[in-house]
Amino acid sequence: MILIIGAGAVGTIVTAHLLTAAREPVRLYVRDKDRATMQAVGQLRVDQATPGQAALVVAPPEPVYQLSLQDVDYVLLAVKFPQLAGVLDALGPIPEHCTLISTLNGVRALRLIRERHPQARVAPMTIMFNGQLLGPLHAQITTRPQLLIGSDDRRLLAAFKGSGMRVSRAQGDASAWGKLLINLANPICALTHTTFRDLLTQPDLRAVYVAVLDEATRLLTRAGIDYQLPMPIPYTLYRHLLAGSTRLPWWFARARNGLQDGAYPSMVADIESDRPTEIGELNGEIVRLGETHQLATPVNRDIVALIREIEGQAAPHYLSPAELRARLRH
């Protein structure tokens, strides 16, 4: 049995595909304060941004209102990082047969899970799709549904078979670090209120992204940390494309990931909606790692500070791409 904890965009999309595959029984943990809302929802729905592609509609999973792990083989953690510690404490001892699966961005969540439950099996699930929550158990996916799972558990890898979700096996935490690198783009879009297309076609935004990635990859290399980018090319080639004038990075993202013109990172919506962001788990992780290894990370440090300035503001002041590039020159 798979227990889903978290019914945001990621939790809703993953749950819909698991239910479509129907290979494992699925339950959804619902907090008491959300009980009435969830009980009123008659279906779980994932809309597709691709024109002409039908929505994925299934009956909602069986809800549970207590975090009991009896008969649970997999716990899929799809909460935001600020809620993670409380969830891990509420789980109590992890049975030997149970695997904790983290869908959270970055590697800080994996570190926290292993600290709280050092004897438990932990598998990173790297989310390779982009989605937004439209309402209770109603999400939209704006890219192709893809996952990377850092485990050789055949049962887990097969749980999505036939659902339309593409699942690939990854080597340990390397894919989580690789996805973190790609997600360093999120605050660039949030600070300038721009889309993925803008990021990959606008020269100033591309220059900022290259500076952020260069700083981070140098640090990971010096720290001896392996990373696996979620694309079949090395970073040196990806950097060369980003630093040039070709539109290949955008065309590549559209062809490989199905990115739509208006797709944007979740951090853009977080800033718009006055919600806390994941800046601490993304660029903040690079800053912390730099401090540990006594290496300067001025570009990522400034990105973190700029997000903190507008986080929680009802009417945030956005920077133009040129203004952001100028603010980050050192």
Report summary line: Rounded to the nearest Å, the spacing of the alpha-carbon centers of the stretch 53-82 and the stretch 179-257 is 32 Å
Query raised in the report: For the charge dipole of the chain, defined by +1 on Lys and Arg C-beta atoms and -1 on Asp and Glu C-beta atoms about the Cα centroid, which residue among LEU147, VAL26, GLN313 has the Cα displaced farthest towards the positive pole?
Result: LEU147
Query raised in the report: Packing-wise, with mean Cβ within 10 Å as the measure, how do 146-153, 115-122 rank, highest first?
Result: 146-153, 115-122
Requested in this report: Just order 27-40, 100-113 by mean Cβ neighbour count inside 10 Å, highest at the front, would you?
Outcome: 100-113, 27-40
**Report entry** Amide H within-cut-off set for VAL167, under 5 Å, with H built and near neighbours excluded
**Finding:** LEU147
Query raised in the report: So how strong a dipole does the stretch 191-330 carry about its Cα centre when Lys and Arg Cβ are +1 and Asp and Glu Cβ are -1, to the nearest 20 debye?
Result: 560 debye
Query - Computed over the chain: relative contact order in percent, which uses C-alpha pairs under 8 Å that are six or more apart - result: 16 percent
Query raised in the report: Hey, rough spin-label estimate for ALA40 and ARG256, points 7 angstrom out along Cα→Cβ, what's it come to in nanometres?
Result: 4.3 nm
Query raised in the report: Once amide H atoms are placed 1.01 Å from N in the peptide plane, what residues at a sequence separation of 5 or more from ASN130, or on another chain, have their amide H within under 5 Å of its amide H?
Result: THR142, THR143
Query - Listed peptides 199-209, 164-174, 82-92 by packing density, highest first (mean Cβ within 10 Å) - result: 199-209, 164-174, 82-92
Query - the stretch 278-330 - charge dipole about Cα centre, Lys and Arg +1 at Cβ, Asp and Glu -1, debye rounded to 20 - result: 260 debye
Query raised in the report: Going 7 Å from the Cα of SER273 in the Cα-to-Cβ direction, what parts of the stretch 110-152 have a backbone nitrogen less than 13 Å from that spot?
Result: 131-140
Report summary line: Nearest 10, in degrees from 0 to 90: the angle of helix 174-183 to the longest Cα principal axis of the chain is 60 degrees
Query raised in the report: Dipole of the chain (Lys/Arg Cβ +1, Asp/Glu Cβ -1, origin at the Cα centre): which of ILE113, ALA40, SER68 lies farthest to the positive side?
Result: ILE113
Report summary line: Once normalised by the length of the stretch 131-261, the mean sequence separation of its alpha carbon contacts under 8 Å that are 6 or more apart gives a contact order in percent of 26 percent
Requested in this report: Express the carbon and sulfur contribution to the solvent-accessible surface of the chain as a percent, rounded to the nearest whole number, probe 1.4 angstrom.
Outcome: 50 percent
Report summary line: Note on the stretch 204-325: alpha-carbon gyration tensor, axes a ≥ b ≥ c; rule is a/c under 1.5 for rounded, else prolate if a/b larger than b/c, else oblate; result oblate
**Report entry** At 1.306 mPa s and 10 °C, Stokes D of the chain from Kirkwood alpha-carbon radius, µm² per second
**Finding:** 78 µm²/s
Query - Nearby lysines by direct alpha-carbon distance to LYS80 (threshold 26 angstrom, same-chain neighbours under 8 apart not counted) - result: LYS33, LYS179
Report summary line: Each label sits 7 Å from Cα toward the beta-carbon; between ALA314 and THR50 the label points are separated, in nm, by 4.2 nm
Report summary line: Magnitude of the Cβ-charge dipole (Lys and Arg +1, Asp and Glu -1) of the stretch 1-151 about the Cα centre, nearest 20 debye, reported as 340 debye
Query raised in the report: In Å², what does the accessible area per residue of the chain work out to with a 1.4 Å probe?
Result: 45 Å²
Requested in this report: Only Cα pairs under 8 Å and at least 6 apart count here; give the relative contact order of the stretch 1-101 as a rounded whole percent.
Outcome: 34 percent
Query raised in the report: Taking the Cα atoms only, what angle lies between the long axis of helix 298-310 and the longest principal axis of the chain, rounded to 10 degrees?
Result: 60 degrees
Requested in this report: State, to one decimal in nm, how far the label point of ALA90 lies from the label point of LEU295, with both points 7 Å from Cα in the Cβ direction.
Outcome: 3.8 nm
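The values are calculated or read from the model by the stated rules, or taken from the named source; none is laboratory data. The model shown is predicted, which means the values in this text are computed figures rather than measured ones. A quick note on method: Cβ atoms are made from the backbone with ideal geometry, for glycine too, and the neighbour counts reach across all protein chains shown. These area figures cover heavy atoms from the full protein model, side chains too; ligands, DNA and RNA do not enter into them. Shrake-Rupley method; radii C 1.70, N 1.55, O 1.52, S 1.80 Å.
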